[in-house]
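> My questions will all concern the structure given below.
The values are calculated or read from the model by the stated rules, or taken from the named source; none is laboratory data. Keep in mind the model is a prediction, meaning the values are calculated, not measured. With ideal geometry, Cβ positions are generated from the backbone for all residues, glycine too; neighbour counts draw on all protein chains shown. Heavy atoms of the whole protein, side chains included, go into the accessibility calculation; ligands, DNA and RNA do not. Shrake-Rupley method; radii C 1.70, N 1.55, O 1.52, S 1.80 Å.
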Amino acid sequence: GRAAAPGERGTCEVPVAAGVIDPRVLGRGRVDDLPSGVAPPVGATRFQNALADVVRDVCVATRDERGLTVVALSGGVFQNALLLTTCLERLQGVGFRVLTHRRVPPNDGGISLGQAAVAAAVLASRP
């Protein structure tokens, strides 16, 4: 089955100070759900909502400090379709242009392709 609760909007407040978060806060939010009888898919979705909120908040803080308006969501974590979609919605909702993978996977496959491209360029530049 799917470990998500479609439509769940719950989250937990994760303070961001100078672009730094305390990951224990994310875990505490989930642990606090358990004795309350919150279904695992609901708790998992709340956790991912909180992660997406953190991504948005860190990006907003960076934009405020440096004026950046484009965000690239990359890396294996963004193979998680729910997290990717939620981050995309949150970031676009506050005015960011968001770049995501279309032709190359965001995980090690993409890294390998990049390494191969660099190696090919190095080899091509040799006499």
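> Cα gyration tensor of the range 67-116, axes a ≥ b ≥ c as square roots of the eigenvalues: rounded (a/c below 1.5), prolate (a/b > b/c) or oblate?
oblate
> Once P(r) over Cα pairs in 10 Å bins from 0, in percent is worked out from the coordinates, which option in [x] 9, 30, 31, 21, 8, 1; [y] 12, 33, 31, 16, 6, 2, 0; [z] 11, 39, 38, 11, 1 does it equal?
So the calculated entry is the one marked [y].
> Probe 1.4 Å, all protein chains in place: accessible area of Ser36 in Å², nearest 10?
Accessible area, nearest 10 Å²: 90 Å².
> Under a point spin-label approximation (7 Å from Cα along Cα-to-Cβ), what is the Arg102-Val118 distance to one decimal in nm?
Placing both labels 7 Å along Cα→Cβ, they lie 2.5 nm apart.
> Between the helical axis of 81-93 and the dominant principal axis of the chain, each derived from Cα atoms, what acute angle in degrees is found, rounded to the nearest 10?
It is inclined by approximately 90 degrees.
> Here's something else I'd like to know. Per residue, how many Å² of accessible area does the chain show with a 1.4 Å probe?
It amounts to 65 Å² per residue over the chain.
> For the chain, modelled as a GNM with alpha-carbon contacts under 10 angstrom, which of Ala116, Ala72, Ala17 fluctuates the most?
Highest fluctuation of the listed residues: Ala116.
> Per residue of the chain, what 222 nm ellipticity follows from adding -39500 (n - 2.57) for every DSSP H run with n ≥ 4, rounded to the nearest 500?
The helix contribution divided over the chain gives -18500 deg cm²/dmol.
> Now for a different question. Identify the trypsin sites (Lys or Arg not before Pro) of the range 13-105 meeting these criteria: DSSP loop state and at most 15 other C-beta atoms within 10 Å of the C-beta.
Within the range 13-105, the qualifying trypsin sites (Lys or Arg not before Pro) (loop, at most 15 other Cβ atoms within 10 Å) are Arg102, Arg103.
> Something else: Near the amide H of Val71, under 5 Å away, which other amide H atoms are found, from residues 5 or more places off or on another chain, if H is placed in the peptide plane?
Amide H neighbours of Val71: Arg97, Val98, Leu99.
> I'd like the accessible area for Glu65: 1.4 Å probe, protein heavy atoms, all chains in place, Å² to the nearest 10.
140 Å²
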